[in-house]
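Everything below concerns the one structure shown next.
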Amino acid sequence: MKIANIIAYVLVILGAVNWGLFGLFNFNLVSFIFGGARVMGSVIIYSIIALASIWLIISPILNSGRLTLASEEY
């Protein structure tokens, strides 16, 4: 689950950078890369980022309130 959390964090950070670029400069990086906001590639990327954010919401619920990112030693 640790790897899934790290991948989800990276995807959510990329989504946040895209939103920041859009808010500050009216530049949508995903749309620029794929050639439009409603192109299949853009929709897939937006959907993956949305699933990553949902995963980060439910992951602590599945792990007794903890979000695991590092290896834990007991």
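Quick rundown of the values:
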quantity	calculated
Tilt relative to the chain, helix 40-62 - C-alpha long axis, 0 to 90 degrees, to 10	20 degrees
Principal-axis tilt of helix 2-25 within the chain, Cα atoms, nearest 10 degrees	30 degrees
Helix-derived mean residue ellipticity, 222 nm - over the chain, DSSP H n ≥ 4, -39500 (n - 2.57), to 500	-24000 deg cm²/dmol
Shape box of the chain [Cα atoms, principal axes, largest first, Å]	49, 24, 17
Heavy-atom SASA rank of I45, I13 (probe 1.4 Å, accessible area, largest first)	I13, I45
Accessible area (Å², 1.4 Å probe, nearest 10) - V10	80 Å²
Highest average packing first - 62-70, 17-25, 48-56, Cβ atoms within 10 Å	48-56, 17-25, 62-70
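The values are calculated or read from the model by the stated rules, or taken from the named source; none is laboratory data. These figures come from a predicted structure and were not determined experimentally. Don't worry about glycine lacking a Cβ; one is built from the backbone with ideal geometry, like all the others, and counts go over all protein chains shown. We work out accessible area using only protein heavy atoms, side chains counted, and drop any ligands, DNA or RNA first. Shrake-Rupley method; radii C 1.70, N 1.55, O 1.52, S 1.80 Å.
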